[in-house]
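What follows draws every value from the coordinates through simple rules; no lab data is involved. Just so we're clear, the structure is a prediction, and the values are computed from it rather than from any experiment. With ideal geometry, Cβ positions are generated from the backbone for all residues, glycine too; neighbour counts draw on all protein chains shown.
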Amino acid sequence: MKTVFVDTSGFYACLDRTDPFHPQALAAFERAEQEGWTLITTNYVTHETWALVQRRLGWEAVKAFLNDLLPRCSIQWVDENMYQAVAARCQRARERRFSLTDAISLEWMARRQIT
């Protein structure tokens, strides 16, 4: 079975019909359902997506995220040890365009060998 990590950009593209990747994102979610993929995300991505969707698209889109998209995913909770390690790495790197959520997502996938 295929395991796919879903990030904020994938969720957002599904919800925003003006996003240039909207058709591809919808097709990916449909394919995942048809082929029985395991969709995974983290609590950090959930938080980031909720905030972005609420700010840009409003509460109806948040409802669609919470009721239609998120239930298709297994939400993995980031523990304190991972948070501490990744936060320290981010502070050392001081990358302006690389968020803590991005770093945690990549670390989470690397530990589980998801590419």
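Taking the Cα centre of the chain as reference, the dipole from Cβ charges on Lys and Arg (+1) and Asp and Glu (-1) amounts to some 360 debye.
So how tilted is helix 100-111 from the main axis of the chain? Cα-based, degrees 0 to 90, rounded to 10. Computed tilt is about 90 degrees.
Considering only DSSP states other than H, G, I, E and B, which chymotrypsin sites (Phe, Trp or Tyr not before Pro) in region 19-115 qualify as loop sites with at most 10 other Cβ atoms within 10 Å? Counting only loop positions with at most 10 other Cβ atoms within 10 Å, the chymotrypsin sites (Phe, Trp or Tyr not before Pro) in region 19-115 are TRP77. Each label point was placed 7 Å from the Cα along the Cα-to-Cβ direction; for ASP68 and HIS22 their separation is 1.1 nm. Close amide H contacts of THR3 (hydrogens built in the peptide plane, cut-off under 5 Å, sequence separation of 5 or more or a different chain): THR38. Which trypsin sites (Lys or Arg not before Pro) does region 12-115 hold that lie in a coil by DSSP with at most 13 other beta carbons within 10 Å? In loop regions of region 12-115 (DSSP not H, G, I, E or B), the sparsely surrounded trypsin sites (Lys or Arg not before Pro) are ARG17, ARG94, ARG96, ARG97, ARG112. Between the Cα long axis of helix 43-56 and the first principal axis of the chain there is an angle of about 60°, rounded to the nearest 10.
Springs join every pair of Cα atoms under 10 Å in this Gaussian network model of the chain, and among ALA93, ALA25, ALA103 the largest mean-square fluctuation is at ALA93. Equivalent ellipsoid of region 29-97: semi-axes from √(5λ) of the C-alpha gyration tensor, largest first, are 27, 18, 11 Å.
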